[in-house]
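Reading through the structure tokens given below for one structure.
The values are calculated or read from the model by the stated rules, or taken from the named source; none is laboratory data. Here the structure is a predicted model, which is why all the values come from computation and not from measurement. Neighbour counts are summed over all protein chains in view; Cβ atoms, including those assigned to glycine, are modelled from backbone coordinates with ideal geometry.
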Amino acid sequence: MVNNEIAGIETKRILSPYVRGWGETGGAVIKNTTIVGHVDELGLGPNYCTVRGIILPFDDGLSIMSVTFVNFDRPMCSAIGVTSIDGTCVDRCGGWSARFSGIQFFNTSNKAGFRWEHEVVLIDSDGSLTGNRNHKVVPRSGLLDPLHCTEKAEWSVGYPGAVCDATVSFHRLALNNPSPSSLLAKNIILSNSHGTAEQSINQSINQGLLINAPTVQQTAGFCRQ
């Protein structure tokens, strides 16, 4: 995939009836692919770059294996991003995870472009994504332990990203159609010993919200009055 405009490869949904876990034996896989953000010899100008190399879906179950990203080094483009689906969710959605192995980057200073907190968890299965096996890349959150999660510029196109070590795991918490209905006017606040994360009830995710909470810490939640 070379010099595509919006994405090299874009995925929308992983249909759960058709996948069984992760990897080639039962999951969804993108494998043996090279995606190039720009080739200047094609004459598209010095600012041209594919916006996202791979766009991840709104579901767990996708493994990205033996994929090479080349020339994602210009403003507003990155190797990895997450989809939006008109009529399903376009704002503060996500929270699912994808697994990566056999990844190579060449001239790629922009590895991921995030849009908001809790958007996705990128899991490094073999050390090729981050340099360390079982590390995770997530958008920055006040819930992250600074001793185990570090912000990195290469993961911060748009919303800042952080790399968390193998001691940190995440649990996707999703709420919708709250009762009583007065909660629709409230924000949900989660807090732990490191900080807080605040999310409003979101019409674009069926009057609900989602939060990726680190599971190594006790986390408390309440509604802002």
Number of the condition not met by D73 [criteria: (1) at pLDDT 95 or above; (2) within 16 Å of E10 (Cα to Cα); (3) touching a Cys at 6+ places or on another chain (Cβ under 9 Å)]: (2)
When every residue in region 1-15 that is over 18 Å from the mean Cα position of the chain (by Cα) and surrounded by 13 or more Cβ atoms within 10 Å (Cβ to Cβ) is compared, the one modelled with the lowest pLDDT is M1
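When the residues of region 16-58 are filtered to those that are touching a Leu at 6+ places or on another chain (Cβ under 8 Å) and either part of a loop (DSSP other than H, G, I, E, B) or outside the structural domain of E119 (by the TED database) (or both), which remaining residue is surrounded by the fewest Cβ atoms within 10 Å (Cβ to Cβ)? First the steps, then the outcome.
As a first pass, look at region 16-58 and keep what is touching a Leu at 6+ places or on another chain (Cβ under 8 Å): 27-30, 38, 56.
If we keep only those that are either part of a loop (DSSP other than H, G, I, E, B) or outside the structural domain of E119 (by the TED database) (or both) too, we end up with 27, 38.
Details: G27: 17, H38: 22.
So, considering only residues that are touching a Leu at 6+ places or on another chain (Cβ under 8 Å) and either part of a loop (DSSP other than H, G, I, E, B) or outside the structural domain of E119 (by the TED database) (or both), the one surrounded by the fewest Cβ atoms within 10 Å (Cβ to Cβ) is G27.
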Out of all the residues in region 132-147, which are surrounded by fewer than 18 Cβ atoms within 10 Å (Cβ to Cβ) and in contact (Cβ under 8 Å) with a residue 40 or more places away in the chain? G142, D145, P146
What are the residues in region 77-131 that are surrounded by 21 or more Cβ atoms within 10 Å (Cβ to Cβ), part of a loop (DSSP other than H, G, I, E, B) and among the small types (G, A, S), if any? G94, G95
So, first residue in the same structural domain as T50 (by the TED database) in region 102-120, second residue among the aromatic types (F, W, Y) and in a loop (DSSP other than H, G, I, E, B), Cβ within less than 7 Å, six or more apart or across chains; the pairs are T108/F72; N110/F72
Pick from region 132-159, criterion of a type in the set (S, T, N, Q) and assigned to a loop (DSSP other than H, G, I, E, B), ranking: nearest to the chain's Cα centre (by Cα): S156
